[in-house]
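K.L.:
Got a structure here, written out as structure tokens. Questions coming.
Computed from the coordinates by the stated procedures, all read-outs in this text should not be read as laboratory data. Given the structure is predicted, the values throughout are model-derived calculations rather than measurements. Glycine gets a Cβ as well: all are built from the backbone with ideal geometry, and neighbour counts include every protein chain shown.
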Amino acid sequence: MSGLTSIGPNISPSTRRKPSAASPGSKARRELILVWCFLFPSLAVFFLYRILPLIWNLVLSVQKFSIFGQSEWIGFAHYWALLDDEVFWMALKNTLLFIASAPCGIVIALMISLMVNTEIRGRNIYRTIVFLSYPLMTVAVGIIWRWMYDEKVGLFNFILRTIGLIDTPLAFLQSFELALPAVLLANLWQILGFYMIILLAGLQNIPQNLYEASAIDGASRTVQFFRITLPLLRPSLFLAFVVGIMTSFTSFDLVYVMTQGGPSHSTELLVTYIYKAAFELSRIDYAATLTVVQFVLLVTLTWLGNRLSGGEAGAGRN
Amino acid sequence: MSQNMQPPSVKSLLSNGAKKRTSSHALPTWLLHISLLLISFCLLLPFYWVLKTSFTGENIFIYPPSLIPQDPHPFFYIDTWYYIPFARYLFNSVVVSVLAIVANVVFNAMAAYALTKHFKGKSLVITLLLSCLMIPFQTTIVPAYLITGKIGLLNSYLGVALPTFSTIVCIFIYKASFDAIPTSLIEAARIDGLSELQVILKIMIPLSSSAVASNVILSFIWSWNNFLWPLIVIRDPLMQTLPLGLSRFLSYHENTTGALYAFCTMVLVPGIIIFLMAQKEFIRGLTSGATKG
């Protein structure tokens, strides 16, 4: 009601203006100007930090870049160099392994979400606990897991030695074979909650009466799971997988903190290699080439995931 | 999130079936509880391990490591506070986050309001936004660095925050919320003489408070945790944000374990508290982003 006082004085000018603004053309034009003014800041940010970089990456990848002088066109030389670059193949392999690990996480998350989707008491607390690690600062998560994997006092070595699986402590993050699985496990710990949330939303969209009708028809729990839950959950499952793909292309923080891509590039991902090429080796143009390859791969895989899911699936993060 | 999709009336209609369902779990309730407790235990263990170390330090010459903290003390926290410019890092992080949050709320709401109108090129803008969603920030770092250098924003708060000034996911969250407001309400307000801006500020935004909350918490968490971009843009140690400070501390003082984990805890706690306070908004924002985006 208090708003009325401020509205009051406005009435007269707007009614007075009405005859002059009555022509539909000027009103529409005013609105059009308003629309584009309102869109401008966001579009400017996206142009500057999404679209322009995309194009610039392409340009850089066919150039010999120099900060001071004139950059010269060298064709596809960087791409040919890429084919001979062992580290690139290593990083590509690791990125694909990263993606391949996503289904394991999704299966675990599916089991958890089935458990917390029941009417069990305290389900919200369980959900919060599972989800808690997702919004954490990944740098800190990496440090936590370094500590868990520590050779002398890490929890993993302690547990494995207590059970009697190993005699001598393992240096997980310093080992060529174990470093990548170790990083994958840490990543799983962090992303599990996000998978769970996606699947939970999918589960809650399944109409309950399907279960009731099928129960009347005598369908067992197992039959219900494979005939109702899984098919109807397909979009959510693929969405989770797309998120997994995205994560494998973007988890720079975890690898950087835990292993720096080492030992001898055994945990190098494309994204960490791009960073190293550009900002440690100062090979801006080569890093751009890597980015182009990474981006093409990412788009192809996400597109495939989208097609398979048969639905609209997008990125989880910004 | 936790709400059942079933409207209550339907549920009561089918109360027979519903009862049957609860009594015929695939697993008995106690087994369910045990497995969930076990999972929770495994997931919480890393937190405990770090918290314990931050209060006791770790003597690496003693085996086995003790599971229960032995004479805990707060000195590592005090050490951390004095050894590193923690307050400065915190200040930097807060400035960057506040910049990002304010810009996000204003710009996203503006863009979403524009998208509720009908105009030529609207579908093009929407397509453009949706395709930009497919470009993760990590694939833009090299040119983004060059661009930021050209604008002269390297090593500045604005340079760190600028790429996060608008978020596509949040624009669509606002748009969904704005679209849900009945047009009759807006027209009534117009007839009462409210200007365009007043309509937005007095009607659209107050009725979309949950969208605003989602946007605030999402952009806070994202910019608070952001590591790669500040790592590229910031050179001056005094301009570093918390994640940068943490990573720097790790590389310089690898062996002072207690202090490192105290630092870690101090960095994690604000994020956890804010997340727990706004969990619902955060998850809502995330799921609508993940499904509608």
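K.L.:
Work the Kirkwood hydrodynamic radius out for the range A:231-309: mean of 1/r over every pair of different alpha-carbon atoms, inverted, in Å.
P.N.:
The answer is 13.7 Å.
K.L.:
While we're on this one: Compactness ratio of the range B:80-292: Cα Rg over 2.2 N^0.38 Å, N = residue count?
P.N.:
In units of the 2.2 N^0.38 Å rule of thumb, it is 1.18.
K.L.:
Pick out which of B:ALA176, B:ALA114, B:ALA278 has the largest mean-square fluctuation in a Gaussian network model of chain B, springs linking Cα atoms closer than 10 Å.
P.N.:
Its mean-square fluctuation being the largest, the pick is B:ALA114.
K.L.:
Testing the spin-label approximation: label points 7 Å from Cα along Cα→Cβ at B:VAL269 and A:ARG121. State their distance in nm.
P.N.:
Label-label distance for B:VAL269 and A:ARG121, simple model: 3.2 nm.
K.L.:
In peptide B:218-230, what is the residue-averaged number of other protein chain Cβ atoms found within 10 Å of each Cβ?
P.N.:
Mean partner shielding for this stretch: 4.
K.L.:
Hey, what do the phi angles of the range A:138-147 turn into as Karplus ³J(HN,Hα) couplings, whole Hz, using 6.51/-1.76/1.60 and θ = phi - 60°, x for Gly and Pro?
P.N.:
Coupling constants for the range A:138-147: 5, 4, 5, 4, x, 5, 4, 6, 3, 5 Hz.
K.L.:
Oh, and also: Assuming R0 = 41 Å, what is the FRET efficiency of B:THR29 and B:SER209, from their Cβ-Cβ distance, to the nearest 0.05?
P.N.:
0.65
K.L.:
Whole percent per 10 Å bin, from 0 to the bin with the longest distance: what is P(r) over all C-alpha pairs of the protein assembly as shown?
P.N.:
For the protein assembly as shown, the binned pair fractions read 3, 14, 24, 25, 18, 11, 4, 1, 0, 0 percent.
K.L.:
Report the net charge of residues surrounding A:ASN57, where surrounding means a beta-carbon distance below 13 angstrom and charges are Lys +1, Arg +1, Asp -1, Glu -1.
P.N.:
Working: positive: A:ARG50; negative: A:ASP285.
Computed value for this residue: 0.
K.L.:
Residues with beta-carbon under 13 Å from that of A:TYR79, excluding A:TYR79: net charge, scoring Lys, Arg +1 and Asp, Glu -1?
P.N.:
Spelling it out: positives minus negatives among the neighbours equals -3.
K.L.:
What is the percent of Cα-Cα separations in the range A:84-216 that go past 22 Å?
P.N.:
Here the long-distance tail beyond 22 Å is 54 percent of all Cα pairs in the range A:84-216.
K.L.:
Given the convex hull of the Cα atoms of the range B:162-275, what is a quarter of its surface area in nm²?
P.N.:
Numbers: hull surface 37.7 nm².
Convex hull of Cα atoms, orientation-averaged projection: 9.4 nm².
K.L.:
Under the definition of Cα pairs under 8 Å and six or more residues apart, what whole-number percent is the relative contact order of chain A?
P.N.:
24
K.L.:
When a footprinting reagent is the concern and you count Cβ atoms within 10 Å, what order do A:MET111, A:MET137, B:MET204 take, fewest first?
P.N.:
Going from least to most buried by this count: A:MET111, B:MET204, A:MET137.
K.L.:
How large are Rg and Dmax for chain A when only the alpha carbon atoms are used, in Å?
P.N.:
In Å, with Rg to one decimal and Dmax whole: 26.7, 91.
K.L.:
Residue-wise, which Karplus ³J(HN,Hα) couplings in Hz belong to the range B:199-209, taking 6.51 cos²θ - 1.76 cosθ + 1.60, θ = phi - 60°, and x for glycine or proline?
P.N.:
These are the phi-based 3J(HN,Hα) values: 4, 5, 6, 9, 10, 5, 5, x, 7, 10, 4 Hz.
K.L.:
Work out the mean other chain Cβ neighbour count within 10 Å for the residues of A:120-132 and drop it here as an integer.
P.N.:
Details: counts 7, 3, 4, 3, 3, 2, 7, 5, 5, 8, 5, 7, 8.
That works out to 5 on average.
K.L.:
Let me ask another. With a sphere of radius 15 Å drawn around the Cβ of B:ILE186, what net charge do the other residues whose Cβ falls strictly inside it have (Lys, Arg +1; Asp, Glu -1)?
P.N.:
-1
K.L.:
Same structure again: Test of understanding: in a Gaussian network model of chain B with alpha carbons linked when under 10 Å, which of B:HIS253, B:HIS73, B:HIS33 would top the mean-square fluctuation ranking?
P.N.:
In the Gaussian network model the winner is B:HIS33.
K.L.:
So if we plug the beta-carbon distance of A:ASN205 and A:PHE68 into 1/(1 + (r/R0)^6) with R0 = 56 Å, what FRET efficiency do we get, rounded to 0.05?
P.N.:
With a Förster radius of 56 Å, E is 0.45.
K.L.:
Could you check the simple spin-label distance between B:ASP79 and B:VAL106, using points 7 Å along Cα→Cβ, in nm with one decimal?
P.N.:
According to this spin-label approximation, the distance is 4.4 nm.
K.L.:
Another question, then. Calculate one ³J(HN,Hα) per residue across the range A:118-133 by plugging θ = phi - 60° into the Karplus curve 6.51 cos²θ - 1.76 cosθ + 1.60, and present them in order as whole Hz with x for glycine and proline.
P.N.:
These are the phi-based 3J(HN,Hα) values: 7, 8, 5, 6, x, 5, 5, 5, 4, 4, 4, 5, 5, 7, 3, 6 Hz.
K.L.:
Right, next: Would you look at the GNM of chain A, springs on alpha carbons closer than 10 Å, and say which of A:ASN306, A:ASN205, A:ASN117 moves the most?
P.N.:
A:ASN205
K.L.:
A follow-up question, please. Using a 10 Å cut-off on Cβ to Cβ distances, tally the other chain neighbours for every residue of A:280-288 and report the average as a whole number. The partial results should precede the final answer.
P.N.:
On the way: counts 0, 0, 0, 1, 4, 1, 1, 4, 4.
Partner Cβ neighbours, averaged per residue: 2.
K.L.:
If every alpha-carbon in the range B:76-136 counts as one equal scatterer, what log10 I(q)/I(0) does Debye give at q = 0.29 1/Å?
P.N.:
So the normalised log intensities are -1.11.
K.L.:
Please compute the modelled spin-label separation between B:ALA176 and A:ILE163, points set 7 Å along Cα→Cβ, answer in nm with one decimal.
P.N.:
4.1
K.L.:
To the nearest 20 debye, what is the magnitude of the charge dipole of chain A about its Cα centre, counting +1 on the Cβ of each Lys and Arg and -1 on the Cβ of each Asp and Glu?
P.N.:
1560
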